[in-house]
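For reference, the structure is listed below as structure tokens.
Here, each number is a calculation from the coordinates, and none is a lab measurement. None of the values given here were measured: they were computed from a predicted structure. Note that we place each Cβ from the backbone using ideal geometry, even for glycine, and neighbour counts take in every protein chain shown.
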């Protein structure tokens, strides 16, 4: 009789399946949807879970594995550089050479002809792995509240672009003007942010987000301001106090430390954040945020 795996062991096995797939398909394009299917994790959350367990982003792992495999082929085979480039997923040899040089500091041909290859190991680590999760232990997260959330009606403005460039004060001002113009004011309006992509995976120019006000009256979309529902259901709600600049470490702590031992799976819905005080009037260390993780 098989012993049931703990949640953490199960997560490790599922991530290892993805790693094995990547290692065996280095010459193919890596499709996020396909990798998420292999792991049986939600597309919304797969990349965060991968980073939490492997201590590097999915894209960094793929690049590192491709270039390290190429280095082995350069050392122990007679294959032409162009063939090696193709074997590890680079259709254009010049792109391969550029990536290899960024990783090792020398060209593929120079690497093949160099007898002291160990001199280049440190260079590759500095270039591709600057963001190991050493800061996770600095984040003190309390046990989350587990809630059954009713769906929320929100007015919002959708953005495509880098999260760091979002103008929250101006956007919330537009939303509040809409509330006043359409007599939507009531007690309990909430400031929310919905984030669909991980900046470690998606190009900054393609990151999708919604800046929202949760309201309690019916409204109609008008111009850039739209109306929708944020799905209800079960959520784990983390309360965090501190600067917004630490959100990356907060999410790493959630996915690396809490989720694997929680016994919960993630639903295929985006995470959203609730901002509990005004950053223009509050010191960064005193900012309070609630992070809503959809679970089942």
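Report, in whole Å, the centroid distance computed from the Cα atoms of the range 221-235 and the range 8-22. The two parts, judged by their Cα centres, are 34 Å apart.
Each of (i) 52; (ii) 41; (iii) 45 is a candidate for percent of Cα pairs over 27 Å apart; the one calculated from this structure is (i). Summarising the label geometry, the points placed 7 Å from Cα in the beta-carbon direction at residue 75 and residue 102 lie 2.3 nm from one another. Pick from 87, 268, 177 the residue whose mean-square fluctuation is largest in a GNM of the chain, springs joining Cα atoms under 10 Å. Taking springs between Cα atoms under 10 Å, the residue moving most is 177. With the simple model of a label 7 Å out from the Cα in the direction of the Cβ, residue 282 to residue 162 spans 2.5 nm. Of the residues 143, 19, 250, the one that moves most in a GNM of the chain with alpha-carbon contacts below 10 Å is 143. Result for the chain in a Gaussian network model with C-alpha springs under 10 Å: among 72, 249, 146, the largest mean-square fluctuation is at 72. Sorted fewest first by neighbouring Cβ atoms within 10 angstrom, 54, 33 come out as 33, 54.
Helix 58-76 and the long axis of the chain differ in direction by around 0°, with both axes built from C-alpha atoms. Rounded to the nearest Å, what's the spacing between the alpha carbon centres of the range 163-179 and the range 65-112? Just the number, please. Computed from Cα coordinates, the inter-centre distance equals 47 Å. All Cα-Cα distances of the range 145-296, cut into 10 Å bins from zero to the largest, leave 10, 39, 39, 12, 1 percent in each bin in turn.
Mind sorting 50, 272, 178 by how few other Cβ atoms lie within 10 Å of their own Cβ, fewest first?
Numbers: 50 26, 272 23, 178 20.
Result, fewest neighbours first: 178, 272, 50.
Taken along the Cα-to-beta-carbon direction at a fixed 7 Å, the label points for residue 32 and residue 16 span 2.7 nm.
Taking other Cβ atoms within 10 Å as a rough exposure proxy, 234, 152, 101 sort from fewest to most as 234, 101, 152.
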